[in-house]
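Okay, structure first, notes after.
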Amino acid sequence: MASFATACRVSARLTARGLRQDATARGLRTSAACLAAQNFTMPALSPTMTEGNIAKWNVKEGDSFAAGDVLLEIETDKASMDVEAQDDGIMAKITMGDGSKGIKVGTRIGVLAESGDDLSSLEIPAEDSAAPPSPKEEASKPSPAKSSESQAEAPPTSKPSAETSAPAKKSSGKAKKQTYPLLPSVEHLIHARGLDASDIEKMVPSGPNNRLLKGDVLAYLGSISSSYPSELSQKIAKLSHLDLSNIKIAPPKAVKPAKKDAPAPKPITFHRVAHTISMKAAVEVQQRIQSTLGVFIPLSTFIERAADVANDDLPRPKNYKPTSDELFDSVLGLDKVSSANGVRGNFLPESGAALRQGAQALQSSKKNNNIDVYDFLSGVTRTAPVKRSAPKPEPVAADEFWVTIPETDMEAASIFMQRFKLVLEQEPGRLIL
């Protein structure tokens with residue numbers, strides 16, 4: 001184990017010593033690579049870029065720059081972008097100045113040197129070979145084998161082709177002076193083909209407001225038919241307006257027959273259920289309570305309490321609609337648990353002599369018990385003069401009670417009247433409890 005550790009330390013010392021010697025030798029040596037410059041070519045700023053224009057150089061020949069500094073501005077037919085330096089260096093030479101147009105990607109536009117190089121003794125490299133053609137150009141160019149075969153098959157012609165021999169044709173129509181700025185695509189095409197202002201004045205514009213389009217330039221150069229721009233503009237103008245010639249008036253809709261009114265509901269038929277009820281038992285209970293407790297209970301109280309007892313658990317009428325509580329109980333299944341299947345009625349019987357007699361007796365009892373307020377406050381007791389009592393009215397032996405109800409409540413009304421009669425005639429005492 002000790003020998004292995006000793007060997008590791010020795011190898012580490014040798015490695016460190018070799019690195020120091022190498023670093024010292026590099027710092028004192030001047031190699032040929034440091035005295036050679038490198039070409040700076042037109043960069044491809046997008047996958048589809050094939051050429052560009054130099055708008056402006058931000059550095060001059062002999063200027064030093066650092067990584068990240070903007071060297072120049074490049075314009076394309078789509079956008080304008082800045083080109084930044086990747087490393088520190090010196091701009092040794094500029095081969096393409098400001099305003100250069102149509103520079104192919106890969107073409108030399110300048111020469112770069114490394115920081116600290118002497119430009120006077122710097123070797124300027126030769127310009128690289130032409131940039132390789134783009135895939136589109138390779139596809140458009142036929143292979144030599146195919147071209148030789150086609151030339152062998154085609155018969156010899158003495159006249160050259162019209163495309164190669166014919167000069168640029170003027171578009172049909174009258175040329176007009178451009179009052180609007182040229183579109184970017186038009187301006188790029190004009191600069192790419194080397195046209196000037198005199199050529200622009202000869203072009204016939206087909207755009208809106210006599211504006212020059214890219215197709216007008218191509219027609220002037222003969223790349224497309226001279227009549228194509230005008231035909232296309234006429235087609236666009238025709239389609240820009242809505243054609244209403246084929247519109248037909250819709251036939252009137254058939255009149256729908258008037259809806260028949262719903263039949264009027266049948267009038268409700270009311271019936272009267274009447275019973276003759278004896279009030280003798282109720283009067284006896286009334287007199288007994290008055291003589292025992294000194295409390296007078298009118299017959300109307302007996303009648304109201306008897307009606308309240310008789311309204312409990314009556315059969316449902318034919319047109320009965322369940323209440324919200326009953327619907328909720330049916331959802332929970334409580335309607336099957338409850339033993340009571342009936343509903344509470346709201347019948348109130350009508351009567352004649354019994355109610356009138358009870359009201360008269362109540363008024364007479366109130367009159368007899370009237371006490372003067374001053375006498376009550378002063379503590380004076382006065383003896384009232386003895387008056388001959390009027391003969392008491394004979395109690396009503398029997399009276400007729402009735403209820404007026406619709407035909408759908410006939411069954412419930414009959415049961416109510418039977419219970420009402422039973423309570424007043426046989427059990428009036430339970431109405432006091």
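Around Thr276, under 14 Å between beta carbons, what's the net of Lys plus Arg minus Asp minus Glu among the other residues? Can you show the working numbers first?
Details: positive: Arg272, Lys280, Lys421; negative: Glu350, Asp399, Glu400, Glu425.
Once positives and negatives cancel, what remains is -1.
Assuming 0.36 nm per residue, please report the length gained on full extension of the stretch Glu75 to Tyr320 beyond their Cα-Cα distance. The partial results should precede the final answer.
On the way: separation 245, 0.36 × 245 = 88.20 nm, distance 8.88 nm.
79.3 nm is the gain from fully extending Glu75 to Tyr320.
Can you classify the range 165-239 as rounded, prolate or oblate using the Cα gyration tensor, where a ≥ b ≥ c are the square roots of its eigenvalues, rounded means a/c under 1.5, and otherwise it's prolate if a/b beats b/c and oblate if not?
Details: a/c = 1.67, a/b = 1.20, b/c = 1.39.
Judged from the Cα gyration tensor, the range 165-239 comes out oblate (a/c at least 1.5, b/c at or above a/b).
Figure the gain on full extension for Ser64 and Leu244 (residue separation times 0.36 nm, minus the Cα-Cα span) and round it to one decimal in nm.
On the way: separation 180, 0.36 × 180 = 64.80 nm, distance 7.01 nm.
Extra length from Ser64 to Leu244 when fully extended: 57.8 nm.
Once the piece of chain linking Gln418 and Lys235 is laid out straight, how much longer is it, given 0.36 nm per residue of separation minus the C-alpha distance between them?
Numbers: separation 183, 0.36 × 183 = 65.88 nm, distance 9.76 nm.
Answer, rounded to one decimal: 56.1 nm.
Which pairs break 22 Å Cα to Cα here: Lys78/Lys235; Lys177/Lys214; Lys101/Lys214; Lys260/Lys321; Lys78/Lys177; Lys78/Lys104?
Numbers: Lys78/Lys235 28 Å; Lys177/Lys214 16 Å; Lys101/Lys214 18 Å; Lys260/Lys321 28 Å; Lys78/Lys177 26 Å; Lys78/Lys104 16 Å.
Distance filter (> 22 Å) returns Lys78/Lys235; Lys260/Lys321; Lys78/Lys177.
Out of residues 5 or more away from Ser100 or on other chains, whose amide H comes under 5 Å of its own, with H placed 1.01 Å from N in the peptide plane?
Close amide H contacts, sequence-distant or interchain: Ile54.
Among Val295, Ala264, Gly222, whose Cα sits farthest toward the positive end of the charge dipole of the range 219-313 (+1 at Cβ of Lys/Arg, -1 at Cβ of Asp/Glu, about the Cα centre)?
Checking the options against the dipole of the range 219-313, the answer is Gly222.
Estimate the FRET efficiency between Glu84 and Leu182 by the formula 1/(1 + (r/R0)^6), using the beta-carbon distance for r and 25 Å for R0, to the nearest 0.05. Mind dumping the intermediate values first?
Numbers: r = 30 Å, r/R0 = 1.21.
Working from the Cβ atoms, E equals 0.25.
Give me Thr76, Thr292 sorted ascending by neighbouring Cβ count inside 10 Å, so fewest comes first.
Working: Thr76 17, Thr292 8.
The order, fewest Cβ neighbours first, is Thr292, Thr76.
What distance in nm lies between label points placed 7 Å from Cα along the C-beta direction at Lys253 and Lys104?
7.1 nm
May I ask you to derive the FRET efficiency for Gln426 and Thr404 from their Cβ-Cβ distance with R0 = 25 Å, giving the value to the nearest 0.05? List each step's numbers first, then the result.
Working: r = 26 Å, r/R0 = 1.03.
Efficiency for this residue pair is about 0.45.
I want the local charge near Glu326. Using Cβ-Cβ distances under 15 Å, sum +1 for each Lys or Arg and -1 for each Asp or Glu among the other residues. Walk me through the numbers before you get to the answer.
Numbers: positive: Arg316, Lys321, Lys336, Arg344; negative: Asp313, Asp325, Asp329, Asp335.
For residues surrounding Glu326, the net value is 0.
Around Asp196, with a cut-off of 14 angstrom between Cβ atoms, what is the net charge of the other residues, counting Lys and Arg +1 and Asp and Glu -1? Could the numbers behind the result be given before it?
Numbers: positive: Lys101, Arg193, Lys202; negative: Glu187, Asp199, Glu201.
Combined, the nearby Lys, Arg, Asp and Glu give 0.
Each value in this text was obtained by applying a stated rule to the coordinates, not by laboratory testing. Owing to the predicted nature of the structure, the values given are computational and were not obtained by experimental measurement. Note that each Cβ is placed from the backbone with ideal geometry, even for glycine, and that neighbours are counted across all protein chains shown.
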